[in-house]
Amino acid sequence: MEATLLPGDSILVQIFPVQLPERGRIVIFLSPKDRNLVLVKRVIALPGDHIRISQKVVILNGTALDEKYVMHKDYAEDFYPYDFPNDSSLPGCAEGHEILSQQVINGEIVVPAGKYFVLGDNRENSLDSRCWGFVGSGDLVGKPLMIYDSVDQKEDDDARPNLHWVWHTRWSRLFKFF
C-alpha cells in the first residue's frame, strides 16, 4: 500500500460494525491464502462490477479509473503483466488464476455476489486479487480510520537511545485520516 501506508505506520481501525465497503476505500481483511494474516488493500470492484486492466490502467465497468493514489515503480522484472485478465498463470497464484478465470466474460472479470476485487496501491509490488482471487464479505475485518503513529524504521540511533522516537517519528503523517 506504499505510499498510502508506509512500514512503521500504526493505524486505528474501525472493527465493529463492519460496513460493506465502497469502491476506492481501503479495507482490512483476512488473507484468502493464509487465514492467520490480516491484509490492507483498496477495494476496486464490488459484486456485479466488470473489471480489466489494460497497460496498467484499471477499467471498471467500461471506464478508466483515475487513481491518484496508485504508485507505479519500475522493477527489474514485472511480476504482473500489463494486461489482465490473461492466460498466464503467475508463480504461486495458480489457485487464484483458476478462480478468476471462471469469472471472465468478454475479456473482463465479473465480480460474483458477496465478493470484492482488491488491489494494493503499489501495483507492481502487491500480492492482491490478481494473484489469489476475490475477498469474501465474511473475511472483511474493518476499515482504517487514521494513522496515529508513524516511525521511520531506520537503524536505531545508538547515540540517543531515549530520544529514538523524536528523531524517527514522521510527524507529517500523524493523524492522517482515510
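Values in this text are rule-based calculations from the coordinates and carry no lab data. As the structure is a prediction and not an experimental result, all values here were calculated from the model. Here the Cβ is made from the backbone with ideal geometry for all residues, glycine too, and neighbour counts use every protein chain on show.
Restricting the first member to the range 47-67 and to residues that are farther than 15 Å from Asn86 by Cα, and the second to residues that are of a type in the set (S, T, N, Q) and in a strand (DSSP E or B), the beta-carbon pairs closer than 9 Å and six or more apart or on different chains are Ala64/Ser54. Ile53 passes every criterion in (1) in contact with a Phe, Trp or Tyr (Cβ under 6 Å, 6 or more places away or on another chain); (2) farther than 25 Å from Val141 by Cα; (3) surrounded by fewer than 16 Cβ atoms within 10 Å (Cβ to Cβ) apart from (3). Testing Leu20 on (1) among the hydrophobic types (A, V, I, L, M, F, W, C); (2) within 20 Å of Leu145 (Cα to Cα); (3) surrounded by 15 or more Cβ atoms within 10 Å (Cβ to Cβ); (4) over 16 Å from the mean Cα position of the chain (by Cα), one condition comes back false. Which one is that? Exception for Leu20: condition (3).
Let's see how each residue does on (1) touching a Leu at 6+ places or on another chain (Cβ under 8 Å); (2) closer than 30 Å to Gln153 by Cβ; (3) in a strand (DSSP E or B):
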| position | (1), (2), (3) |
| --- | --- |
| Pro7 | no, yes, no |
| Arg23 | yes, no, no |
| Ile28 | yes, yes, yes |
| Arg35 | no, yes, no |
| Lys41 | yes, yes, yes |
| Ile51 | yes, no, yes |
| Glu67 | no, yes, no |
| Tyr80 | yes, yes, no |
| Gly92 | no, yes, no |
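Scanning the range 118-155 for residues that are under 12 Å from the mean Cα position of the chain (by Cα), over 23 Å from Phe177 (Cβ atoms) and among the polar types (S, T, N, Q) yields Asn125, Ser129. Considering the range 117-137, and only residues there that are touching a Gly at 6+ places or on another chain (Cβ under 8 Å) and outside any loop (DSSP other than H, G, I, E, B), the residue that is nearest to Trp171 (Cα to Cα) turns out to be Ser129.
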